[in-house]
Amino acid sequence: MRYDLNLLPVFLTLMEERSVTRAAQRLGITQPALSNALTRLRALLQDPLFIRERYGMQPTPKALELAPVIAEALASLDGLILGQQAFDPVKADQLVTLAPNSYVEFALMPAIVARLHERAPGMRLRLTPYGTDLAETGVISGSTALALGRFVDPPDNVVVQHLMNEGLACVVRADHPTVGNSLSKKQYEKLRHVNMLPPGRLRVGLFQALERQGLKREVAVSVTHFLAIPEMVAVTDHCATLPNLICRRLEGDARLKVLPAPVDLGSFPVEMAWHVRYRHDPVHRWLRSLIAEVVSEVAVQS
């Protein structure tokens, strides 16, 4: 039986977007062209596949059954073809989109960018935010190459690789009137704190760690980026509880001092996630290897 392989990516894009308009935009084709492809898909698979409802197109039971099979088949085909292609990072000129959370962007991306400049000077990066919703990054659809952060219950079409575990420490101003070279549990609870928002998963993890240790914390102000925290702490008597790598960056600021947390607050994972279709892509595989290498080196130094 003959059929058009180009119809299969159309099917998967419709599964992810649930909208003819958005699917057409993503594929770079007109809406009539996509509607025509959907008509051919319905004839080929002998099923309506998608039913128009108030909030978009809902897949039929047969479409839901076929989706993982087709996704895996296309991923295998991509791997077979792309795996045969050679990649020379020195000659690379690709634009690659990454989605780091705010912690990774502040603590790890400078080292990653420096290594990339050294080994693939023509490769360009575009960073898009990752807060708590992996779907918003484009990783689930494959339009974004990699997400970097922490992932809970990722979908089946996303591969997650563990990079490192990160701990927590505390930061106060250097001439703090009540805190010397160490921080006791009693002092910690008396201080007012600067809290980081988002990423949400890290926030939940810190609150849970404090609760497990029976440690109370009065939050005086919440900020939306790590860059705001040293400025807040430097001009107040507040304390901030931050990842170790962030603290290490702040040690060079004479206005601040970094202290161990008064109790063990545990650690959180730093991970890398990508769409399964990129598993064998030579460019993607090289970039994943470079990022893992850099993070491993940074983790050892911390």
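The values are calculated or read from the model by the stated rules, or taken from the named source; none is laboratory data. Nothing here was measured: the structure is a model prediction, and the numbers come from that model. With ideal geometry, Cβ positions are generated from the backbone for all residues, glycine too; neighbour counts draw on all protein chains shown. To get the accessible areas, we keep the full protein, side chains included, count just its heavy atoms, and leave off ligands, DNA and RNA. Shrake-Rupley method; radii C 1.70, N 1.55, O 1.52, S 1.80 Å.
Does A299 count as in a strand (DSSP E or B) and under 27 Å from the mean Cα position of the chain (by Cα)? Here the answer is no, as A299 does not meet what is asked.
Residues are listed down the side, and each one gets a yes or a no for (1) over 16 Å from V172 (Cβ atoms); (2) out of contact with any helix residue (DSSP H, G or I) (no Cβ under 6 Å at 6 or more places or on another chain); (3) at pLDDT 95 or above:
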site	(1), (2), (3)
A240	no, no, yes
L250	no, no, no
A254	no, yes, yes
V258	no, no, yes
W274	yes, yes, no
Y278	yes, no, no
H284	yes, no, no
A292	yes, yes, yes
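Scanning segment 105-127 for residues being within 18 Å of the chain's Cα centre (by Cα), within 17 Å of A299 (Cβ to Cβ) and among the hydrophobic types (A, V, I, L, M, F, W, C) gives a total of 6.
Return the residues of segment 14-57 that are touching a residue at least 40 places away in the same chain (Cβ under 8 Å) and either in a helix (DSSP H, G or I) or farther than 27 Å from T144 by Cα (or both); say none if nothing qualifies. Show your work before the answer.
First, pick out the residues of segment 14-57 that are touching a residue at least 40 places away in the same chain (Cβ under 8 Å): 14-18, 26, 44, 57.
Across segment 14-57, the qualifying residues are L14, M15, E16, E17, R26, L44.
Go through L77, L98 for me and flag whichever is of a type in the set (A, V, I, L, M) and either open to solvent by 80 Å² or more (accessible area, probe 1.4 Å) or at pLDDT below 85 (or both). After applying the criteria, what remains is L77. Residues in segment 264-295 that are of a type in the set (K, R) and within 14 Å of V139 (Cβ to Cβ) were compared, and the one that is least open to solvent (accessible area, probe 1.4 Å) is R288.
Does L148 meet the test of being outside any loop (DSSP other than H, G, I, E, B) and either open to solvent by 20 Å² or more (accessible area, probe 1.4 Å) or closer than 15 Å to A273 by Cα (or both)? Spell out how you get there, then give the answer.
Details: outside any loop (DSSP other than H, G, I, E, B): yes; either open to solvent by 20 Å² or more (accessible area, probe 1.4 Å) or closer than 15 Å to A273 by Cα (or both): yes.
For L148, the condition - outside any loop (DSSP other than H, G, I, E, B) and either open to solvent by 20 Å² or more (accessible area, probe 1.4 Å) or closer than 15 Å to A273 by Cα (or both) - is met.
Filtered by the rule that a residue be outside any helix (DSSP H, G or I) and over 28 Å from the mean Cα position of the chain (by Cα), segment 221-238 gives V235, T236, D237, H238.
Of the residues A240, A234, A209, A174, which is touching a residue at least 40 places away in the same chain (Cβ under 8 Å) and in contact with a Gly (Cβ under 7 Å, 6 or more places away or on another chain)? Let's see the steps before the verdict.
Numbers: A240 fails: in contact with a Gly (Cβ under 7 Å, 6 or more places away or on another chain); A234 fails: in contact with a Gly (Cβ under 7 Å, 6 or more places away or on another chain); A174 fails: in contact with a Gly (Cβ under 7 Å, 6 or more places away or on another chain).
One residue alone meets the criteria, A209.
Each row is one residue, and each column tells you yes or no for (1) surrounded by 13 or more Cβ atoms within 10 Å (Cβ to Cβ); (2) part of a loop (DSSP other than H, G, I, E, B).
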site	(1), (2)
V160	yes, no
L163	yes, no
V172	yes, no
D175	no, yes
T178	no, yes
S182	no, yes
Y188	yes, no
N195	yes, no
E211	no, no
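For segment 239-263, filtering for residues that are open to solvent by 40 Å² or more (accessible area, probe 1.4 Å) and part of a loop (DSSP other than H, G, I, E, B) leaves 4. Return a yes/no flag: does segment 49-64 have any residue that is modelled with pLDDT under 90, of a type in the set (F, W, Y) and open to solvent by less than 80 Å² (accessible area, probe 1.4 Å). The answer is no, given that none of the residues of segment 49-64 is modelled with pLDDT under 90, of a type in the set (F, W, Y) and open to solvent by less than 80 Å² (accessible area, probe 1.4 Å). For segment 1-36, give me each residue that is open to solvent by 60 Å² or more (accessible area, probe 1.4 Å) and β-branched (V, I, T). Those that are open to solvent by 60 Å² or more (accessible area, probe 1.4 Å) and β-branched (V, I, T): I29, T30.
If we scan segment 127-135, do we find a residue that is assigned to a helix (DSSP H, G or I) and surrounded by fewer than 16 Cβ atoms within 10 Å (Cβ to Cβ)? Among the residues of segment 127-135, at least one is assigned to a helix (DSSP H, G or I) and surrounded by fewer than 16 Cβ atoms within 10 Å (Cβ to Cβ), which makes the answer yes.
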